[in-house]
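The values are calculated or read from the model by the stated rules, or taken from the named source; none is laboratory data. Source: prediction; values computed, not measured. Using ideal geometry, Cβ is built from the backbone for each residue, glycine included, and neighbour counts are taken over all protein chains shown. With ligands, DNA and RNA removed, areas are computed over all heavy atoms of the protein, side chains included. Shrake-Rupley method; radii C 1.70, N 1.55, O 1.52, S 1.80 Å.
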Amino acid sequence: MKVVATRRYPGPAFDELDDVEVTPLDALGPAREDVEGLVVANEPVPLDLLPRLRIVANFGVGYDRVDVAACAARGVVVTNTPGVLDGATADLTFALILATRRHVVEGDRLIRSGSWTGSWSEGRLADDLAGSTLGILGLGRIGSAVARRAGGFDVRVLYTQRQPVETDLGEFRRLDVLLEESDIVTIHAPLTAETIGLVDARRLALLRDGACLVNTARGEIVDEQALVGELVSGRIRAGLDVFAHEPEVPRELLELPNVVLTPHLGSATRQTREAMTRLVVDNLLAVERGEPPLTPVRA
């Protein structure tokens, strides 16, 4: 099976593909009737250029830029890579929580600028993580991994999603109530028509003064301009790994001391990315053999 991959994906599993061509989508050119498999990283699929396409193997859990319905209408299977990146994303979430809550980046800047003149920090005091309330928006695989880690920090956990579930990981709250009660809110919902702009200006205003918002899911879930306004005011803090128009980041955020910025690093560990490639390749090989894929996306 001829496969086109939009980049050379990490790990030895990629080399198991017998006939793979690394080509960015904008370089595909005229229609390619030889291509039956496509590997993308949450990118739009040019179905008109790939008339014999059988499978789109998405490198990542999120597939909001892949038109799954259009693929299904053409008989094209879409797969993603759930499960293998939960731990890495949960770890980064806690890195952002700690960095933001304990002013780690501000302290780093203080030293690098030569502005630290005392024997110990005499600047603005941070807040303890232990004893605080963590609100999780979306208690799926990643949200649950975050909740489990929270237990080691003596943090009270609340969660919100469409419906409550039986769990010992946290207490259910409606979204508005969760925002009002939490010292830290972390987002782990998928990007759908229902979640675009879900955390809007009204809901951001519900956050306590000094609260911390962490987003390692999708930037579009939050009203970015409203969030910028809150951060510029200094009323809240944030740790952001995702943005609405990546790789563009609002310029207002770049010099703010109350926000920690990372460039979409959620799954960016060697072990995790190699496991993601393994799952991508296993899905491709299954379809090549005429078998059901391991992790199909439902239209």
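Could you work out the mean projected area of the convex hull around the alpha carbons of segment 208-253, in square nanometres to one decimal?
Numbers: hull surface 11.8 nm².
Projected over every direction and averaged, the Cα hull of segment 208-253 covers 2.9 nm².
Suppose R0 equals 22 Å. What FRET efficiency, 1/(1 + (r/R0)^6) with r the Cβ-Cβ distance, do I196 and R251 give to the nearest 0.05? Please report the intermediate quantities before stating the final value.
On the way: r = 23 Å, r/R0 = 1.04.
Rounded to the nearest 0.05, the efficiency is 0.45.
In nm, to one decimal, how far is the E291 label point from the L98 one, both placed 7 Å along Cα→Cβ?
4.0 nm
Running a GNM on the chain with Cα contacts under 10 Å, which residue among G118, G266, G75 ends up with the highest mean-square fluctuation?
G118
Helix-derived [θ] at 222 nm for the chain: sum -39500 (n - 2.57) over DSSP H runs of at least 4, divide by residue count, nearest 500?
Working: 8 runs with 81 residues, N = 299.
Rounded to the nearest 500, the figure is -8000 deg cm²/dmol.
Would you mind checking which residues have amide H under 5 Å from V78's amide H? H placed 1.01 Å from N; only 5 or more apart, or other chain.
Amide H neighbours of V78: V56, V297.
Determine ³J(HN,Hα), in whole Hz, for all residues of segment 95-102 in sequence, where each value follows from phi through the Karplus function 6.51 cos²θ - 1.76 cosθ + 1.60 and θ = phi - 60°; x replaces Gly and Pro.
Once rounded to whole Hz, the list reads 4, 5, 4, 5, 4, 7, 5, 9.
5 Å is the cut-off here: which amide hydrogens, built 1.01 Å from N in the peptide plane, fall below it relative to A211, excluding neighbours closer than 5 in sequence?
Amide H to amide H, under 5 Å and 5 or more residues apart or across chains, A211 pairs with R237.
Subtracting the Cα-Cα distance from 0.36 nm times the residue separation, let me have the gained length for D64 to D176 in nm, one decimal. It would help to have the intermediate numbers written out before the result.
On the way: separation 112, 0.36 × 112 = 40.32 nm, distance 2.53 nm.
So the chain would gain 37.8 nm between D64 and D176.
Tell me, what HN-Hα J-couplings in whole Hz come from the Karplus equation 6.51 cos²θ - 1.76 cosθ + 1.60 at θ = phi - 60° for each residue of segment 80-88, using x for Gly and Pro?
Working through the residues one at a time gives 9, 10, x, x, 7, 10, 4, x, 5 Hz.
Given a Förster distance of 51 angstrom, what is the FRET efficiency for K2 paired with R148, based on the Cβ-Cβ distance and rounded to 0.05? Provide the component values of the computation, followed by the final result.
Numbers: r = 42 Å, r/R0 = 0.82.
Result of the calculation: an efficiency of 0.75.
Taking the chain as a Gaussian network, where each spring joins two C-alpha atoms under 10 Å apart, which residue of E288, E255, E180 fluctuates the most?
Maximum fluctuation in the GNM of the chain, among the listed residues, is at E255.
What does DSSP give for segment 182-278 in terms of the percent of beta bridges that are antiparallel, rounded to the nearest 5?
Values: 1 of 13 bridges.
Rounded to the nearest five, the antiparallel share is 10 percent.
Could you quote the convex hull projected area for segment 1-86, Cα atoms only and averaged over all directions, in nm²? It would help to have the intermediate numbers written out before the result.
Numbers: hull surface 22.0 nm².
About 5.5 nm², averaged over all directions.
Taking all protein chains as present, what is the carbon and sulfur share of the accessible area of segment 187-268, in % to the nearest whole number, probe 1.4 Å? Don't skip to the answer; put the middle values down first.
Numbers: 2060 of 3610 Å².
That share works out to 57 percent.
Do you know the relative contact order of the chain, to the nearest whole percent, from alpha carbon pairs under 8 angstrom that are 6+ apart?
Values: 562 pairs, mean separation 60.0, N = 299.
Once divided by the residue count of the chain, the mean separation gives 20 percent.
Taking the Cα centroid of segment 1-27 and of segment 213-233, what is the distance between the two, rounded to the nearest whole Å?
Between the Cα centres of segment 1-27 and segment 213-233 lies a distance of 35 Å.
For Cα pairs less than 8 Å apart in space and 6+ apart in sequence, what is the mean separation divided by the residue count of segment 181-299, i.e. the relative contact order in percent? Let's see the in-between values first.
On the way: 155 pairs, mean separation 23.2, N = 119.
Taking the mean separation of contacting Cα pairs over the length of segment 181-299, I get 20 percent.
Name the residues whose placed amide hydrogens come within less than 5 Å of the amide hydrogen of G62, ignoring near sequence neighbours (fewer than 5 apart) on the same chain.
none
Taking 2.2 N^0.38 Å as the expected size of a compact globular protein, what ratio does the Cα radius of gyration of segment 208-290 give against it, to two decimals? Provide the component values of the computation, followed by the final result.
Details: Rg = 17.5 Å, N = 83, 2.2 N^0.38 = 11.8 Å.
Rounded to two decimals, the normalised Rg is 1.48.
Tell me the relative contact order for segment 152-220 as a rounded percent, counting alpha carbon contacts under 8 Å between residues six or more apart. Before the final figure, lay out each step's value.
On the way: 73 pairs, mean separation 22.6, N = 69.
Rounded, it is 33 percent for segment 152-220.
Only residues of segment 196-217 count here: report those whose backbone N is under 14 Å from the spot 7 Å along Cα→Cβ of R124, or say none.
What the label zone holds, given the 14 Å backbone N cut-off, is 209-213.
Summing +1 for each Lys or Arg and -1 for each Asp or Glu, what net charge is found among the other residues whose Cβ lies under 11 Å from the Cβ of Y9? Please report the intermediate quantities before stating the final value.
Details: positive: R7, R8, R273, R278; negative: D15, E274.
Around Y9, the surrounding residues sum to +2.
Quick one: if the Förster radius is 51 Å, what FRET efficiency do A205 and E274 give, using the C-beta to C-beta distance and rounding to 0.05? List each step's numbers first, then the result.
Working: r = 42 Å, r/R0 = 0.83.
The formula returns an efficiency of 0.75 here.
Do any trypsin sites (Lys or Arg not before Pro) in segment 151-248 lie in a DSSP loop with no more than 13 other beta carbon atoms within 10 Å, and if so, which? If you can, show how the numbers build up before the last one.
On the way: sites: R156, R162, R173, R174, R202, R203, R208, R218, R235, R237; in loops: R162, R173, R174, R208, R218, R235.
The qualifying sites are R162, R174.
Taking θ as phi - 60°, what are the ³J(HN,Hα) couplings along segment 124-129 by the Karplus curve (6.51, -1.76, 1.60), each to the nearest whole Hz, with x for Gly and Pro?
With coefficients 6.51, -1.76 and 1.60, one gets 5, 7, 8, 10, 4, 8 Hz.
Roughly what angle does helix 270-288 make with the longest principal axis of the chain, taking Cα atoms, 0 to 90 degrees, to the nearest 10?
For helix 270-288, the angle is close to 30 degrees.
Just the number, please: percent antiparallel of the DSSP beta bridges in the chain, rounded to the nearest 5.
Working: 2 of 38 bridges.
Of all bridge pairs located within the chain, approximately 5 percent are antiparallel.
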